[in-house]
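Please read the structure below before turning to the comments.
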Amino acid sequence: MSNLKSIDKEYVANTYARFPVELLSGKGSVVKDENGKKYIDMGSGIGVTAFGIADDAWQVAVTEQLGKLQHMSNLYYTEPCARLAQLLCQRTGMKKVFFCNSGAEANEGAIKAARKYAAEKKGADWYTIVTLENSFHGRTLTTLAATGQAHYHELFQPLTPGFVHAPANDLEAVTSLALEKKAAAVMIECIQGEGGVIPMEQDFVRGLAAFCAEQDILLLVDEVQTGNGRTGALYAYMNYDIQPDIISTAKGLGGGLPLGAVIFGEKTEYVLGSGDHGSTFGGNPVCCAGALSILNRIDDEFLAEVKQKSDWAFSALRGAPGVEAVSGMGLMIGIKTVKPASEVVKACMEKGVLCLTAKDKVRLLPALNIPMPVLQGAIQIILEVCAEETV
Ligand SMILES: *Cc1c(COP(=O)(O)O)cnc(C)c1O
């Protein structure tokens, strides 16, 4: 083991099972390890580096801001934060943005706002949040409670009370639980990411939005993974023709720097008032300057290219030898392989392609601007690995 790997093993907390690779540098969708070996990056830091590694325009935006003001706290106005909030609202039809630093924190903000909204409007016992089985909403004690996967809960009891889970794509189950439990909100991912790249059905999402509107139960859409162009729409809810009451997002938003956002619609824009919520780092000018450069480039033309690449990838993968099923939307792709997903990922890595897993699937979240030939090269290797006989 190299010196660096042994230092990491000794001093970094054991929460991650790392691959035996040290990554040094990269450009776009190609990254290099300590031996100079190149890999096509089909994970983009779990959907974070939306425009790839060391993207030129993003780098200019970030370094220019770094030279001006790296942080000032939320006691003062700073330009990138205000402009990014404006852009997010213009592009979503939402009304106000609260900035934080991660996906879990964005969901915490959404949950706090939902509880306050319902407490003021309906009374203190309307606090429950309904989420879906097999969902993933984060690692804090509250967002773990929201996460509908028991194995994440086991060692960390008691979690924040007031969360119940219903089966995904079962409108009757979700709505009856929401009424029975006096729900403040229902929170969903339009495509369950960590749960195995499982898209929600159109009728389910639309029916749920109609139910929530009718009952004045808030609809929270967790766009941490699906947001910022990932599915071929700016936000995944836009594929379903609904308008959420609160959107949470993070991952790709900052293009590689930590940035989360809670985006409030008409019903919720004034719920959180002065002193109700806060974050020291939230809205950091460097992160926001980078995010502006990302979001400004995710326009209709760019999204159409994401969809074209997606269509090509789905048709290349579907029905291929060793591939059982392909799920997802845009450049969020789940591949159910005949071989165990972890074996496929390992073999791909040896052949120079970095992939992710989600449950029993191989998961691909490449940079949104991955050039077509690079994408084709990566998919070809993945297909070779899937088709190879196991020895
Ligand atoms: C990754 C993820 C989170 C958690 O985000 P962090 O930045 O790791 O806190 C929450 N929700 C969804 C849907 C995610 O994919």
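Extension gain, Glu133 to Arg318: 0.36 nm times the residue separation minus the Cα-Cα distance gives 63.9 nm. Backbone geometry of segment 310-320 corresponds, through the Karplus equation with coefficients 6.51, -1.76 and 1.60 at θ = phi - 60°, to 3J(HN,Hα) couplings of 4, 4, 4, 5, 4, 6, 5, 7, 5, x, 6 Hz, x marking Gly and Pro. At an R0 of 35 angstrom, the distance between the Cβ atoms of Ala210 and Val12 translates into a FRET efficiency of 0.15.
For segment 58-295, dividing the convex hull volume of the Cα atoms by the residue count gives 118 Å³ per residue. For a straight C-alpha distance cut-off of 17 angstrom, the aspartates and glutamates reachable from Lys37 (same-chain residues fewer than eight places away being disregarded) are Glu22, Glu350.
A DSSP coil position with no more than 11 other Cβ atoms inside 10 Å describes the following GluC sites (Glu not before Pro) in segment 316-391: Glu389.
Highest mobility in the GNM of the chain, judged by mean-square fluctuation with C-alpha springs under 10 Å and restricted to Ile242, Ile298, Ile111, is found for Ile242. Label point of Ser274 set 7 angstrom out along Cα-Cβ; within segment 71-88, amide nitrogens under 14 Å from it belong to 75-76.
Dimensions of segment 310-391 along the principal axes, based on C-alpha atoms and rounded to the nearest Å, stand at 36, 23, 20, largest first. Remark: segment 22-97 is approximated by an ellipsoid whose semi-axes, taken from the C-alpha gyration tensor as √(5λ), come to 31, 17, 10 Å, largest first. A straight chain from Gln157 to Gln90 at 0.36 nm per residue would run longer than the Cα-Cα distance by 20.0 nm.
Averaging 1/r over every pair of different alpha carbons in segment 197-319 and inverting the result gives a Kirkwood radius of 16.2 Å. Computed per residue of the chain from DSSP H runs no shorter than four, each worth -39500 (n - 2.57), the mean residue ellipticity at 222 nm is -11500 deg cm²/dmol. Exposure proxy ranking for Leu144, Leu259, based on other Cβ atoms within 10 angstrom of each Cβ and starting from the fewest, stands as Leu144, Leu259. Here the simple spin-label model places points 7 Å from the Cα toward Cβ, and for Thr140 and Lys182 these points are separated by 2.5 nm.
Using C-alpha pairs below 8 Å separated by at least 6 residues, the relative contact order for the chain is 22 percent. Under the combined filter of DSSP loop state and at most 15 neighbouring Cβ atoms within 10 Å, segment 209-307 retains none of its trypsin sites (Lys or Arg not before Pro).
Only aspartates and glutamates eight or more places from Lys122 in sequence, or on another chain, were considered; those with a Cα closer than 15 Å are Glu180, Glu214, Asp216. In loop segments of segment 4-112 as defined by DSSP, the chymotrypsin sites (Phe, Trp or Tyr not before Pro) with at most 13 further C-beta atoms inside 10 Å of their C-beta are Tyr16, Tyr76, Tyr77.
When the listed pairs Lys112/Lys336; Lys32/Lys336; Lys121/Lys181 are checked against a 26 Å cut-off, the alpha-carbon distance exceeds it for Lys112/Lys336; Lys32/Lys336. A simple count of charges around Val262, restricted to other residues whose Cβ falls under 10 Å of its Cβ and scoring Lys, Arg +1 and Asp, Glu -1, yields 0. If the segment from Asn3 to Val60 were pulled out straight at 0.36 nm per residue, it would be longer than the present Cα-Cα gap by 17.2 nm.
Where a number appears in this text, it was derived from the coordinates with a stated rule and is not lab data. In this text the structure is predicted, and so the values were computed from the model without any measurement. Note: ideal-geometry Cβ built from the backbone for every residue, glycine included; neighbour counts use all protein chains shown.
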